[in-house]
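Below: one structure, written as structure tokens.
The values are calculated or read from the model by the stated rules, or taken from the named source; none is laboratory data. Owing to the predicted nature of the structure, the values given are computational and were not obtained by experimental measurement. Please note: Cβ atoms are built from the backbone with ideal geometry, for glycine as well, and neighbour counts cover all protein chains shown. Just the protein is used for accessible areas: all its heavy atoms, side chains included, with ligands, DNA and RNA removed. Shrake-Rupley method; radii C 1.70, N 1.55, O 1.52, S 1.80 Å.
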Amino acid sequence: MQIVLIGPPGAGKGTQAARISQRLAIPHLSTGDMLRLAIEEGSDIGHAAKQYMKAGTLVPDELILKIVDDRLAHDDCRAGSLFDGFPRTISQAEALDRTLEEQGRKLDCVLEIVVPEEALLERLAARARTDDQPEVIRNRLQSFENDTQPIIEYYRSSGRLTIIDGMGTPDEVFDRIMKVLEPDSA
Ligand code: AMP
């Protein structure tokens, strides 16, 4: 099963990604983690990506697609993958569709974990360091929304987007996700 997971900071995406990955026995593919590993290993992609990540800007699509393609070729991706932090641009989303199609696969589901802004602000404030002012947190959320909106729209318009209510306990949110991914066994 091929799944894309989207959610703002504070939505519990990391927790849910780990649980989905474990339950479905598919790898959790976070492009941020892959890039950090590439930098640690000192690979060419790592060298090329470093400056962008330091500046907090997007790493060029070409490098991202290369790192994702390489990862998808590993055996553990045969049963499927859970993408996190990817795609971040429309051209990455289109490339993912193409790559999967070439492999005779398709994206089964795009899950967007949605939490009202007030609740996100509360959660992020609770885990913030003292220098994280409310305004800084609000800006992070705003920039996530601006960056992700086109991707959400891309998947919504092709009928592949499912919205998950991210309020409640991690167990409750996970149950909602599994009802979507495995409707028959829930
Ligand atoms: P993350 O861990 O997902 O927050 O990613 C950390 C940084 O890695 C981002 O700020 C970007 O510089 C880079 N990055 C991760 N995923 C992507 C992607 N899909 N496209 C472009 N840049 C990315």
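Need the full-extension length gain, residue 125 to residue 147, defined as separation in residues times 0.36 nm minus the C-alpha distance. One decimal, nm.
Net length gain for the segment: 5.7 nm.
Please give, to one decimal in nm, the separation of the simple spin-label points placed at residue 90 and residue 61, each 7 Å out from Cα toward the Cβ.
According to this spin-label approximation, the distance is 1.0 nm.
For the chain, what does -39500 (n - 2.57) per DSSP helix run (n ≥ 4), summed and divided by total residues, give at 222 nm, in deg cm²/dmol to the nearest 500?
-18500 deg cm²/dmol
Set the Förster radius R0 to 30 Å, insert the Cβ-Cβ distance between residue 118 and residue 70 as r into 1/(1 + (r/R0)^6), and round the FRET efficiency to 0.05.
For R0 = 30 Å, the calculated efficiency reads 0.15.
Please calculate how many Å² of accessible area the chain carries per residue, with a 1.4 Å probe and no DNA, RNA or ligand atoms counted.
Normalised by residue count, the accessible surface of the chain is 56 Å².
Taking all protein chains as present, what is the carbon and sulfur share of the accessible area of the chain, in % to the nearest whole number, probe 1.4 Å?
50
With charges only on Cβ, +1 for K and R and -1 for D and E, what is the dipole size of the range 33-186 about its Cα centre, in debye, rounded to 20? Write out the running numbers ahead of the final one.
Working: 19 positive and 32 negative charges, 48 e Å.
Using Cβ point charges on Lys, Arg, Asp and Glu, the range 33-186 gives about 240 debye.
Treat every Asp and Glu Cβ in the range 3-54 as -1 and every Lys and Arg Cβ as +1, leave all other atoms uncharged, and give the resulting dipole magnitude about the Cα centre to the nearest 20 debye.
Rounded to the nearest 20 debye, it is 260 debye.
As a test of understanding, state the convex hull volume per residue of the range 81-186 from its alpha carbons, in Å³. Kindly include the intermediate steps, with their values, before the conclusion.
On the way: hull volume 13.2 nm³, N = 106.
Enclosed volume per residue, from the Cα hull, is 125 Å³.
Please express the Cα-Cα pair-distance distribution P(r) of the chain as a list of whole percents, one per 10 Å bin, running from 0 to the bin with the greatest distance.
Final binned percentages: 8, 34, 38, 17, 2.
Starting from the Cα of residue 66, draw a straight line to each of the lysines and keep only those under 27 Å, dropping any in the same chain fewer than 8 residues away.
Residue 66 reaches 13, 50, 54, 106.
Highest GNM mean-square fluctuation, the chain, Cα pairs closer than 10 Å: which of 167, 53, 34?
Comparing 167, 53, 34 in a Gaussian network model of the chain, the most mobile one is 53.
What is the set of long-range amide H partners of residue 2 at a cut-off below 5 Å, with H atoms built 1.01 Å from backbone N?
81, 108, 109
With a sphere of radius 15 Å drawn around the Cβ of residue 64, what net charge do the other residues whose Cβ falls strictly inside it have (Lys, Arg +1; Asp, Glu -1)?
Value of the local net charge: -4.
In a GNM of the chain with a 10 Å cut-off on Cα contacts, which of 104, 159, 168 has the highest mean-square fluctuation?
104
Given a 10 angstrom Cα cut-off, can you work out which residue in 21, 30, 143 is the most mobile in a GNM of the chain?
143
Would you mind computing Rg(Cα) / (2.2 N^0.38 Å) for the range 1-103, counting N as its residues?
In units of the 2.2 N^0.38 Å rule of thumb, it is 1.05.
What is the spin-label model distance, in nm, from residue 18 to residue 139 if the labels are put 7 Å beyond Cα along the C-beta direction?
Result for the modelled spin labels: 3.0 nm.
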